[in-house]
1. Inspect all residues belonging to region 43-54 and state whether any of them is within 18 Å of LEU89 (Cβ to Cβ), modelled with pLDDT under 95 and of a type in the set (Ser, Thr, Tyr).
2. Name the single residue that is surrounded by the most Cβ atoms within 10 Å (Cβ to Cβ) among those in region 422-441 being touching a Cys at 6+ places or on another chain (Cβ under 9 Å) and touching a residue at least 12 places away in the same chain (Cβ under 8 Å).
3. Might you let me know whether region 472-491 holds any residue that is in contact with a Leu (Cβ under 7 Å, 6 or more places away or on another chain), open to solvent by 30 Å² or more (accessible area, probe 1.4 Å) and at pLDDT below 85?
4. So which pairs qualify, if the first residue must be in region 442-457 and of a type in the set (Val, Ile, Thr), the second must be open to solvent by 40 Å² or more (accessible area, probe 1.4 Å), the Cβ gap must be under 8 Å, and the two must be at least 6 apart or on different chains?
5. Under 6 Å between Cβ atoms, at least 6 apart or on separate chains: pull out the pairs that start in region 47-66 with a residue that is within 20 Å of LYS114 (Cα to Cα) and end on any residue that is acidic (Asp, Glu) and surrounded by fewer than 16 Cβ atoms within 10 Å (Cβ to Cβ).
6. Do we have ALA118 as of a type in the set (Gly, Ala, Ser) and either open to solvent by 10 Å² or more (accessible area, probe 1.4 Å) or under 20 Å from LEU241 (Cα atoms) (or both) here?
7. Give the residues of region 192-210 that are in a helix (DSSP H, G or I) and among the small types (Gly, Ala, Ser), sorted by residue number.
Amino acid sequence: MLARVYSSAVLGIDSYVVEVEVDIASGLPTFSTVGLPDGAVRESRERVRAAIKNSGYHFPPEKITVNLAPADIKKEGAGFDLPISIGILAASGLVEKEKLDDYLLLGELSLDGKVKPAKGVLPIALGTRDAKFKGIILPADNAGEAGVVEGLDVLPVGHLSEAVDFFNGDRDIKPVKADIDSLFREVNRYPIDFSDVKGQELAKRALEIAAAGNHNVLMVGPPGAGKTMLAQRLPTILPPLTFEEALETTKIFSVSGMLSSSLVTVRPFRSPHHTISDAGLIGGGQVPRPGEVSLAHNGVLFLDELPEFRKNVLEMLRQPLEDGKVTIARASVTLTYPSRFLLVAALNPCPCGYLGDSVHQCRCSALQIQRYRSKLSGPLLDRIDLHVDVPNVRFEDLSGDRKTEASDDIRRRVTKARKVQLRRFEKNRGVFCNSQMGPRLIKRYCAVDKSSENLLRMAIDRLGLSARGYHRILKIARTIADLARVEDIKEEHLAEAIQYRSLDRDYFEQF
């Protein structure tokens, strides 16, 4: 007897349909799985055999062959347990085949027949809808994640017997639908706020500009100046995630097995330790997995103590910073993960951290400082738009009662500036904010008058900027003008933009 059941697998952050064909023939009792299964899939035969028996069904003592098509793509994970079990029972005549073509099945089985959660459910649910299936039968623990997909019946099951009863018409399963509005209702409530930060007005202004134009930021200052505190509060002033952004971000967390709720509704904040490997930061492995740059997609990637990261790891940031995506090539597969994030980097001015400090004396030699700073290459610095000095906070600022702006107030200005940019670039595919402008768009939207041009020429000669650095200044000035809600870039906007490049080549090459 032959039965066909449909399941799905994930490749990158997208899914594809897998036909699970089960053939039961007379012969010696064997159970073989073909179609490039990995170790977890091959081991499913023991889980499936035990689950079927312990659920009260007869396991056929015959020759069983399971084929996972397409056969040229490697299948991973334990999510094929449920469809294989249903396929065996259908081929044995214990499950009606009438509705098998309408539904896609997914789920790992325990030995007693309980259905356990799987990874990558959201991209699988989206792929199921696009493949025109009526619905998906999946673990109850994953129902909320799949329930955000419109136009698809999401049927949760907790045990193998529930799926069998559904196909035999003995049980009705109520489809699960997620309440999208309730998921986003608490999106702007954070336990931290920009009003917690005392002093550091220049740094806060720089982060507001960074949030408004999605510009990368480098903060330089001594230990305890508040660099980490500022970076942690940056997501609180970013515009709320749109539903499309939330889906894209959730897909990445889902395939990584790191999803803690039905939908990611707040912008991610990732802060990897400086001992991270290149595969951990960029993504990779024998079977490529998303790295921190992809987990920070649509959010913030914070790299504290930037020079402590290995130089080869830092240099790998160039592609995601420039292209907004990471391509990982292996002998068997090439995958591309999205990685459009806002980079916030922090470092001390020297190894001990107190170079130029008015209170503490620096103990570093010129050679130590030069080696410390040489870990940051010119091309990497060119890709960071804003360079900000973060000095120690004065006692008057810490002890004073002066109120500082809350995140909600700053976010409103940032959101208005982002809306201006969305209207500006609505006809330019793939461009949503000022930081993504290429030379053609910079020439069109960042024109300056004669006096501003002279100011820019002087700054370039003094700082020794590259062409990329020149373009960064113009894009920052465009964002400052958007925050001021004016159409033309003025000299004061350009002057403010230039000061955020004051820590450029001279600063890193003076020793």
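1. The answer is yes, given that some residue of region 43-54 is within 18 Å of LEU89 (Cβ to Cβ), modelled with pLDDT under 95 and of a type in the set (Ser, Thr, Tyr).
2. Here the answer is ASN434.
3. No, the conditions are met nowhere in region 472-491.
4. From region 442-457, the pairs are ILE442/HIS471.
5. Correct list of pairs: ASN54/ASP112.
6. On the way: of a type in the set (Gly, Ala, Ser): yes; either open to solvent by 10 Å² or more (accessible area, probe 1.4 Å) or under 20 Å from LEU241 (Cα atoms) (or both): yes.
When the stated conditions are applied, ALA118 passes them.
7. Across region 192-210, the qualifying residues are SER195, ALA203, ALA206, ALA210.
Conditions (1) of a type in the set (Phe, Trp, Tyr); (2) more than 23 Å from ASN216 (Cα to Cα); (3) assigned to a loop (DSSP other than H, G, I, E, B), marked per residue:
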position	(1), (2), (3)
ASN392	no, no, yes
ASP408	no, no, no
ARG413	no, no, no
GLU426	no, no, yes
SER435	no, no, no
LYS443	no, no, no
GLU453	no, yes, no
ALA459	no, no, no
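The values are calculated or read from the model by the stated rules, or taken from the named source; none is laboratory data. Since the model is a prediction, treat every value here as computed from it, not as a measurement. A quick note on method: Cβ atoms are made from the backbone with ideal geometry, for glycine too, and the neighbour counts reach across all protein chains shown. These area figures cover heavy atoms from the full protein model, side chains too; ligands, DNA and RNA do not enter into them. Shrake-Rupley method; radii C 1.70, N 1.55, O 1.52, S 1.80 Å.
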